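The values are calculated or read from the model by the stated rules, or taken from the named source; none is laboratory data. Source: prediction; values computed, not measured. Glycine gets a Cβ as well: all are built from the backbone with ideal geometry, and neighbour counts include every protein chain shown.
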Amino acid sequence: MIDKLSDIAIKLGHRKQESFNFLKNYDHILNNLRNTNIVFFEIGIGGSKNAKDGGHSLRMWGEYLPNAKLYALDIYYKDLIFNERTKIFQGSQIDKNVLNQIHKESGNFDIIIDDGSHTNSHQIETFKILFPKLNNGGFYFIEDVQTSYYLSDGGDGFYLKNKKTAINFFKEMIDKMHQVEHENPYSKPDYYSKNITEITFFPNLIVIKKNENLQKSHILLNNRKPVKGKSFLLFRRHIKEVKYFFHFIKSKIYYLLDLLKI
């Protein structure tokens, strides 16, 4: 049985149904939000420089989310007719002023889809700007992340650990989400550690769910594994701290080596 979003896409002749399996993934994740009063933001309207072309995806989302307020951004001016629930802005997806202007009007978002330039640096910078503007319980989608392997888009299909690619940036979010489980007393939680509870990697699509991360470690205490037993307890704690410091220095050396590779 075909999912509801794909059914709408086929009816509207939306090309993504033919090219990727994004829509069934979207429907699986967002089906429970369909009839709620949410705020939706899509980056990238399509149609290139033609002001009268594009908006196919936005129309699909408008039908799928009948009670949502929809906002969209494109680098090119768009002269498209939508209903009163939809508003289109022009500007760069990494322009903080433009994004702040949209946010000032819309308030926090519940769904953000980055289907913009697909340039790696843009995907990363846009996420850094917009993720704090996502409501708890909201979802952030990055489409077409296969560009992480395309040289022309700032990707790297040769050195797959290149930190400048979007996929590797979001792989690090997995580590941040598990920060409480780092046996490393030098590890400190950051904004992403505290506000990401789910990350899903599909082919060419990444999904991040925002929520307060309240996960606690059942093994570690303050990112340390407790020293058990009573004999020579202070001495063994001291040895463990020395061991931690050694691993900390070693990690910094590995970090520098990774920078040299890039």
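Side notes on the structure shown:
- Tally of residues being under 11 Å from the mean Cα position of the chain (by Cα) and surrounded by 22 or more Cβ atoms within 10 Å (Cβ to Cβ) across the range 114-126: 3
- Condition met for Ala9 (under 19 Å from Tyr140 (Cα atoms) and in contact with a helix residue (DSSP H, G or I) (Cβ under 9 Å, 6 or more places away or on another chain)): no
- Qualifying positions in the range 180-193 - without any contact (Cβ under 8 Å) to a residue 40 or more places away in the chain and in contact with a Lys or Arg (Cβ under 9 Å, 6 or more places away or on another chain): Pro189, Asp190, Ser193
- Scanning the range 194-201 turns up no residue that is assigned to a helix (DSSP H, G or I), touching a strand residue (DSSP E or B) at 6+ places or on another chain (Cβ under 9 Å) and not assigned by TED's automatic domain parsing to the domain that holds Tyr149.
- Per-region count, the range 25-62, residues more than 14 Å from Gly116 (Cβ to Cβ) and surrounded by fewer than 15 Cβ atoms within 10 Å (Cβ to Cβ): 10
- The range 124-155: number of residues that are touching a residue at least 24 places away in the same chain (Cβ under 8 Å) and touching a Ser or Thr at 6+ places or on another chain (Cβ under 8 Å): 5
- One residue from Pro226, Pro189, Pro203 being closer than 19 Å to Lys240 by Cα and surrounded by fewer than 17 Cβ atoms within 10 Å (Cβ to Cβ): Pro226
- Residue identified as within 23 Å of Asn108 (Cβ to Cβ), of a type in the set (D, E, K, R), assigned by TED's automatic domain parsing to the domain that holds Ile29 and surrounded by fewer than 13 Cβ atoms within 10 Å (Cβ to Cβ) among Glu212, Glu143: Glu212
- Which numbered condition Arg34 fails, given (1) among the basic types (Lys, Arg); (2) within 23 Å of the chain's Cα centre (by Cα); (3) more than 20 Å from Val207 (Cα to Cα): (3)
- Subset of the range 87-136 [over 22 Å from Lys49 (Cα atoms) and among the aliphatic types (A, V, I, L, M)]: Ile111, Ile112, Ile124, Ile129, Leu130, Leu134
- Taken as a whole, the range 11-24 holds no residue that is at pLDDT 95 or above, in the same structural domain as Gly116 (by TED's automatic domain parsing) and either closer than 26 Å to Lys104 by Cβ or small (Gly, Ala, Ser) (or both).
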